[in-house]
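The structure appears right after this line, and notes come after that.
What follows draws every value from the coordinates through simple rules; no lab data is involved. Worth saying up front: this structure is predicted, and the values here are computed from it rather than measured. Note that we place each Cβ from the backbone using ideal geometry, even for glycine, and neighbour counts take in every protein chain shown.
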Amino acid sequence: MLIDGELRLTAGGATFDVVHPATTEVAGQATDGTVADMDCAVGAARRAFDGTDWSRDVEFRYHCLIQLADALEEQKEHLRRVLITEVGCPVSVTGSQIDEPINEVRHWAEHGRAFEYVTDNGVHETPLGPAHRKVFYEAAGVVGAITPWNVPFYLNIAETMPALMAGNTVVLKPAQLTPWSGSELGRIVAERTDIPAGVFNVVVSNANEVGAALSADPRVDMITFTGSTATGRAILAAGAATVKKTLLELGGKSAHIVLDDADLSASLPMAAMMGCVMSGQSCILPSRILLPRKRYDEGLAILAASMANFPVGDPWTPGIMQGPQISQTQREKVLGLIRSGVESGARVITGGGVPGNLPVGYYVQPTLLADVDPNARVAQEEIFGPVLTVTPYDTEDEAVAIANNSIYGLSGEVSSADVDRAVSVARRMRTGNVTINGRSHFGIRSPFGGIKQSGLGRRNGEEGFREYLESKTVGMPG
Ligand code: NAD
């Protein structure tokens, strides 16, 4: 852990195992931090925010983030090995999980340096004469960052770098299954940057109470969280007592509306790839495919062929695109949801179980379920596995209604030969982001986030930086 500038283990030396999902073998240990460690880290972050110039010295912050980006770049092959070991994600798909996030550290450094921290709000009449108002944008304070296991290095960066560059101090609590990406980030901050003691802290733990302690601590001004909707609700409730500012990126169950004029041979192989590439462990995955009934069999055949031939296997082998699920628990959850789909009347077109050629490791076959009832569990709950559900529809209105029949609203996709028609359908989808014909909505320069129970607030883009700032309006004579 990194606490108050010191790299250390928890007192007493308790540890927990980190398991490599492709072999199910113990790869090593992580220190098992406690609520007392979290208490120290929050205290250090509070002192660093209140007692140093960090929040006011934008040039120093820029210098520190560029130092960090350079050091991460130098150590990126080590970070890639750590990531593959704890997540099991294939080496072929680590570009977006290691290389791009390192570039994003530079992006936030530049963005924060160029940001206008004072704006002129003009002169306004008041009973005592004209008031000249200026708006100062200031750091929110101490930010608690809690991250999930599916893309840990990226999400550790995505949650903490805009927060740091905006002038906040940070306590990062990585997920239990992926502690090392977080502790490595802490190590590199401590060893290779001038970031002052207490400005950036990492508390690793196997206990949910440690994250809960962070989200309830009155010394914390803001929580930024990525994870499940259930935990998001608990974090909102924990922050209510101190009215904590809360940024939540939660679960999704996104729909892909394939319109009747779409080029199926272009859109559906891509949909199959997206469904499998991170073993389906992606929050923005459009996992509910809605096909026009008159092209249903044609669409199912293309999806089935793409999924049946998808390269699943050892994540260290180049060319493999789908590795194992992260844990036995996750695999059981995925297989249980597939079973529930079948019990509710869905047809297994391909997959449905464990690959016969991969007896070791937490693998699941790419699975295509057809005739899925939009109200079935498998169409309502986030699966987080390489499973696509397919439901036929008759009219565009019906497709939009099925897409919107969800507690979630994170992402979505529309495929059509007519882009204007696709955009008008996208506008009717109750969701935060939509991809059209494979042109992704997702990127560091575009706001990203969910509506309904998929979250509060936005990451990325201008909005994603402002989330970590508060505005202070000052009126003065003149
Ligand atoms: P999770 O909610 O179980 O855990 C996430 C983090 O919260 C972990 O660090 C965990 O230790 C911590 N935590 C658990 N209980 C807590 C509590 N009571 N108080 C404070 N912290 C607590 O999620 P997960 O299983 O690690 O990740 C998968 C979920 O993340 C999926 O639902 C997925 O959709 C979501 N996700 C969302 C996005 C997005 O951008 N919207 C991105 C990636 C993942």
Please determine, in degrees from 0 to 90 and to the nearest 10, the orientation of helix 58-74 with respect to the longest principal axis defined by the Cα atoms of the chain, where the helix direction is its Cα long axis. 40
Output ordering of 211-222, 166-177 (per-residue mean of other Cβ within 10 Å, highest first) is 166-177, 211-222
Which FRET efficiency value, to the nearest 0.05, do you get for Leu7 and Ala207 by plugging their Cβ-Cβ distance into 1/(1 + (r/R0)^6) with R0 = 30 Å? 0.90
How high is the relative contact order of the chain, given as a whole-number percent (alpha carbon pairs under 8 Å, six or more residues apart)? 18
Looking at Leu388, Asn206, Gly232, which one has the Cα that reaches farthest to the positive end of the dipole of the chain (charges on Cβ: Lys, Arg +1; Asp, Glu -1)? Gly232
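With +1 on each Lys and Arg Cβ and -1 on each Asp and Glu Cβ, how big is the dipole of segment 255-443 about its Cα centre, in debye rounded to the nearest 20?
Dipole of segment 255-443, to the nearest 20 debye: 380 debye.
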Spin-label point model (7 Å from Cα, Cβ direction): what's the Val243 to Asp373 distance in nm? 4.6
How far is helix 419-428 tilted off the main Cα axis of the chain, in degrees rounded to 10, range 0 to 90? 70
Here the gain from full extension of Thr119 to Ser340, 0.36 nm per residue of separation minus their alpha-carbon distance, amounts to 74.0 nm
Over the C-alpha atoms of segment 407-478, what are the Rg and the largest Cα-to-Cα span, Dmax, in Å? 16.5, 59
Simple spin-label estimate for Ser446 and Asp50 in nanometres, 7 Å along Cα-Cβ: 4.3
Against the longest principal axis of the chain, how steep is helix 179-192, in degrees 0 to 90 to the nearest 10, with axes from Cα atoms? 40
Could you pull out every one of the lysines with an alpha carbon less than 24 Å from that of Lys253, ignoring same-chain neighbours closer than 8 positions? Lys333, Lys452
Starting from the Cα of Lys472, draw a straight line to each of the lysines and keep only those under 28 Å, dropping any in the same chain fewer than 8 residues away. Lys134, Lys244, Lys245
Let me check I've understood the local charge: for Val434, count other residues with C-beta under 12 angstrom from its C-beta, Lys and Arg +1, Asp and Glu -1. What total comes out? +3
Using 0.36 nm times the number of residues separating Glu59 and Ser424, minus their current alpha carbon distance, what extension gain do you get? 127.0 nm
For the chain, what is the per residue volume of the convex hull drawn over the alpha-carbon atoms, in cubic angstrom? 153
Compute the distance from the alpha-carbon center of segment 258-311 to that of segment 51-129, in whole Å. 35
If we count every other residue with Cβ under 12 angstrom of Glu413's Cβ, Lys/Arg +1 and Asp/Glu -1, where does the sum land? +2
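Multiplying the sequence separation of Val135 and Val348 by 0.36 nm and subtracting their Cα-Cα distance, what value in nm do you get?
Using 0.36 nm per residue and subtracting the Cα-Cα distance, I get 70.9 nm.
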